[in-house]
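Take a look at the structure below.
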Amino acid sequence: MILKLRKFGFLTKGFVYIIIGILTFLTALNIGGKISDKNGVISFLENQIFGKVLLLIVSLGLMSFALWRAYKFYDVLKNEDSNKKYFSAVSYLFRTFFYGSFAISIFLKIFNQTSNDVTKETLVSRILQIENGNVILILIGIIFSGSAIYQFYKVITNSYLEDIKKNENIASFNFLKKTGAFGIFARGISFLIFSWFIFSAGFNNNPEKIKGTQEMFRFLNSLTFGNILMAVMALGFVCYGVFQYFYGRYSNS
């Protein structure tokens with residue numbers, strides 16, 4: 001049962017990344033679309049035929065992913081002996097809450113209920129009100145920077161393929177490898193940009209400096225050759241989403 005939840009969860013996570021990437025890519029080419037994030041995905045699906053059914057499926061899929069990460073959190077703490085397990089456990093716990101809250105917000109949206117979400121700005125504002133709150137933010141920024149570097153490390157060493165190399169004889173393995181490398185590298189770049197936003201909020205004691213996925217794409221679009229940079233990042237999101245399908249199908253982690 002838990003493995004079925006896992007696969008459904010990875011497929012749904014990949015689907016969300018693909019929708020964000022496609023909508024933003026179309027915008028970069030000026031042929032429609034919308035610079036998007038998770039809320040953009042909700043709006044897009046809601047406006048389709050059988051939109052509420054699609055939202056229900058996505059909500060259940062993301063909750064499945066959250067439950068899988070909760071299971072991994074428990075499994076790592078119980079069965080691993082190295083100190084590395086605490087870093088992994090924190091990562092699993094964060095994803096449990098992130099995807100779980102996202103799933104709940106979608107579910108409430110289906111029934112036209114508000115979820116009383118805490119916005120990024122509100123959360124950062126509360127942190128800054130704590131003594132040495134800006135230091136906490138800077139530490140969070142360092143964690144995001146470290147996560148970005150780890151994404152690059154996985155690509156350089158091909159460690160992202162460790163759990164699926166037993167299936168390297170499948171016909172699509174080369175495609176899997178290329179989409180995974182591009183998608184994970186793009187994800188690393190996005191983490192670096194997010195860390196910059198967090199550092200800016202911490203050093204300036206300004207919660208308005210914190211930004212999300214939509215603002216990350218807009219930041220890229222504001223640079224020289226911005227539409228190209230935004231398009232490349234959007235394609236990276238699509239590739240990461242495709243890789244999630246393969247990862248969910250061929251790995252067990």
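Contact map, the range 1-22: residues that are in the same structural domain as N47 (by TED's automatic domain parsing) and more than 17 Å from Y240 (Cβ to Cβ) paired with residues that are surrounded by fewer than 23 Cβ atoms within 10 Å (Cβ to Cβ) and aliphatic (A, V, I, L, M), Cβ distance under 9 Å, separation 6+ or inter-chain. Pairs shown: I2/L67; L5/M63; L5/L67; R6/L67; F8/L60. Scanning the range 39-55 for residues that are under 26 Å from L235 (Cα atoms) and either in contact (Cβ under 8 Å) with a residue 60 or more places away in the chain or in a helix (DSSP H, G or I) (or both) yields a total of 11. Of the residues that make up the range 80-100, is at least one in contact with a Ser or Thr (Cβ under 7 Å, 6 or more places away or on another chain), of a type outside the set (K, R), over 19 Å from S147 (Cα atoms) and in a helix (DSSP H, G or I)? Taking every residue of the range 80-100 in turn, none turns out to be in contact with a Ser or Thr (Cβ under 7 Å, 6 or more places away or on another chain), of a type outside the set (K, R), over 19 Å from S147 (Cα atoms) and in a helix (DSSP H, G or I). Taken residue by residue, the range 4-17 has no member that is in a loop (DSSP other than H, G, I, E, B) and either modelled with pLDDT of 90 or more or among the charged types (D, E, K, R) (or both).
A count restricted to the range 18-35 and to residues that are within 20 Å of F107 (Cβ to Cβ) and at pLDDT below 90 stands at 0. Determine which member of the set S59, S36 is crowded, with 17+ Cβ neighbours inside 10 Å, assigned to a helix (DSSP H, G or I), of a type in the set (S, T, Y) and in contact with a helix residue (DSSP H, G or I) (Cβ under 8 Å, 6 or more places away or on another chain). After ruling out the rest, the residue left standing is S59. Would you call S125 at pLDDT 85 or above and either buried (at least 16 other Cβ atoms within 10 Å of the Cβ) or assigned to a helix (DSSP H, G or I) (or both)? It is false that S125 is at pLDDT 85 or above and either buried (at least 16 other Cβ atoms within 10 Å of the Cβ) or assigned to a helix (DSSP H, G or I) (or both). Considered as a group, the residues in the range 199-250 that are surrounded by 18 or more Cβ atoms within 10 Å (Cβ to Cβ) and among the small types (G, A, S) include one that is nearest to G9 (Cα to Cα), and that residue is G248.
A quick yes/no check of all residues on (1) farther than 23 Å from M63 by Cα; (2) in contact with a Gly (Cβ under 9 Å, 6 or more places away or on another chain):
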| position | (1), (2) |
| --- | --- |
| L23 | yes, yes |
| L29 | yes, no |
| D37 | no, yes |
| G40 | no, no |
| N47 | no, no |
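Picking from residues in the range 132-178 that are among the charged types (D, E, K, R) and surrounded by fewer than 17 Cβ atoms within 10 Å (Cβ to Cβ), the one that is modelled with the lowest pLDDT is E168.
Please work out if F219 is among the aromatic types (F, W, Y), touching a residue at least 40 places away in the same chain (Cβ under 8 Å) and part of a helix (DSSP H, G or I). In short, no. Of all the listed residues (S190, S195, S251), the sole one being outside the structural domain of F152 (by TED's automatic domain parsing) and touching a residue at least 40 places away in the same chain (Cβ under 8 Å) is S251.
The values are calculated or read from the model by the stated rules, or taken from the named source; none is laboratory data. It should be emphasised that the depicted structure is a prediction, and the values quoted were computed from it without experimental measurement. Quick reminder, even Gly has a Cβ in these numbers, built from the backbone with ideal geometry, and neighbours come from all protein chains shown.
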